[in-house]
Amino acid sequence: MAVGSSALEPRDSGTTIGTSAAIWGIVSALIAFFLGGWVAAKTAAVAGAGSGLINGLMVGAAIFAIVLWLTGSGVSGILGTLGSNIGDITTVVQEETGGAEEAEAQTEEVQADVEEQVAAIDPQAAFDTVQDGAWWMLLGLILPLAAAGLGGPVGHNERREVIQSGAR
């Protein structure tokens, strides 16, 4: 958060730091997942690189489960808030626009603008954008999981370490 806020300037749209922020996010995620896998393997009371790999992968899987839960909770919270306030929003919009007739005329104007913008969309370009985004998302899911999995074997305990710690 400190690095991200230091990179932003007041009244900046944020478009100039996109690549730098992405690189920093990737590097910090890989380091965090690697260290998480290493710590999980090092603190486990089992020996062997295979056990270390499993411990590291479990760290990655647990973090992904938490991220999915937090994302789902956030989206459902936003939708619930909008749904419960839609009547109030409609009332405010109608009061601001001068009534139902004027709101209907503005709705038709907006609908015409939307149809014009939809007609200008290139379906192939939209498909390519979605396809690229899906591949980058897959890579963003696999790389941290691989880093956590790699951290496990690197931090795994040797059999003698497990036996010595159990004898105490």
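Annotation: amide H of Asn157 within the under-5 Å range of Gly48, sequence separation 5 or more or interchain, hydrogens built in the peptide plane.
If R0 equals 22 Å, the separation of the Cβ atoms of Ala22 and Glu109 corresponds to a calculated FRET efficiency of about 0.05. FRET efficiency for the Glu116 to Ile31 pair, using the beta carbon distance and R₀ = 45 Å, is estimated at 0.45. In sequence order, segment 123-130 has phi-based couplings of x, 5, 5, 5, 4, 4, 5, 5 Hz under the Karplus curve 6.51 cos²θ - 1.76 cosθ + 1.60, θ = phi - 60°, and Gly or Pro positions carry x.
Here, each number is a calculation from the coordinates, and none is a lab measurement. Quick caveat: nothing in here was measured; it's all calculated off a predicted structure. Every residue, glycine among them, receives a Cβ derived from its backbone with ideal geometry; neighbour counts consider all protein chains shown.
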